[in-house]
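Presented below is the structure to which this report refers.
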Amino acid sequence: QPVLTQPPSVSGAPGQRVTISCTGSSSNIGAGYEVHWYQQFPGKAPKLLIYGNNNRPSGVPDRFSGSKSGTSASLAITGLQAEDEADYYCQSYDSSLTASVFGGGTKLSVL
Amino acid sequence: QLQLQESGPGLVKPSETLSLTCTVSGGSISDTYSYWGWIRQPPGKGLEWIGIIYYNGITYYNSSLQSRLTISVDTSKTEFSLRLSSVTAADTAVYYCARRPTTWDRYDPWGQGTLVAVSS
């Protein structure tokens, strides 16, 4: 079972706003470790989408944003586009496991 | 621009050892600001962290794989490697290599990944 919990799927219509949650515990997100988000298209490698809770690498549209509070984090996508249809993974560090940990992934469908 | 590329056999027999190499280009594997890591993804499933290595050979492993796992680095060849022994069908996955900054626990960039199937 993944250490970080994500909903298996979310969906939205073009132009809408969707959020993907990532729930951890006191040994990872709640301990203050940063949350990062990755976008993965079928058959492709994951790509860093958000780092350090709410920072976008160069080239990532500002429609993507991240936030963190307590033991949870969220990825928000506004102005949903068909090209956003992909799998999204959150990632943090766990001090009890002394390991990087991932969420189980969320499949975003654009209706 | 830093790039990583995995290579190795696509098929391994049960109980044998899985061996993969990641070649780093566009940057130095001896970079003191980088760890070099392995992450895998079973077909249709999520991502699992395997472990990381520093240029001087210091390693950190996933405790669930530690007894079977060896990650090594060859700075002269700008590559690092993964060896996983006594494999079973549960080790079938796409294996990715990636860079992790020493200061921050995030992975970027990633290699394209290589599928390794464990089957007789």
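Every read-out reported here was derived from the displayed coordinates using simple, explicitly stated rules and does not represent laboratory data. Given the structure is predicted, the values throughout are model-derived calculations rather than measurements. Neighbour counts are summed over all protein chains in view; Cβ atoms, including those assigned to glycine, are modelled from backbone coordinates with ideal geometry.
Quick notes
- Over all orientations, the protein assembly as shown has a Cα convex hull whose mean projected area works out to 12.1 square nanometres.
- Computed from backbone phi, the HN-Hα couplings of the range B:92-103 come to 5, 5, 7, 9, 10, 10, 7, 9, 10, x, 5, 7 Hz, rounded to whole numbers (Karplus: 6.51 cos²θ - 1.76 cosθ + 1.60, θ = phi - 60°; Gly and Pro given as x).
- Taking the DSSP beta bridges with both ends in the protein assembly as shown, the antiparallel portion is around 90 percent.
- Cα-based radius of gyration of chain B once divided by 2.2 N^0.38 Å, which approximates compact folds: 0.99
- Pair A:Ser96, B:Asn56: separation of 7 Å Cα→Cβ label points (nm): 3.2 nm
- Under 5 Å from the amide H of A:Gly52 lie the amide H atoms of A:Val35, each residue being 5 or more positions distant or on a separate chain, with H modelled from the backbone and absent for Pro and chain starts.
- Max-minus-min Cα coordinates of the range B:1-72 on each principal axis give 36, 24, 23 Å, with the largest extent listed first.
- Bins of 5 Å from zero: percent of alpha-carbon pairs in the range A:1-51: 5, 14, 19, 27, 21, 9, 4, 1
- Spacing of the modelled spin labels on A:Ala31 and B:Ser15, each 7 Å from Cα toward Cβ, amounts to 3.9 nm.
- The GNM of chain B, with springs linking C-alpha atoms under 10 angstrom apart, assigns the highest mean-square fluctuation among B:Gly44, B:Gly27, B:Gly57 to B:Gly44.
- Choice from A:Asp94, A:Asp84, A:Asp62 with maximal GNM fluctuation in chain A (Cα, 10 Å cutoff): A:Asp62
- Every Cα-Cα pair of the range A:3-111 was included, and the share exceeding 22 Å stands at 25 percent.
- Among B:Thr70, B:Thr23, B:Thr102: highest mean-square fluctuation, GNM of chain B, C-alpha pairs under 10 Å: B:Thr102
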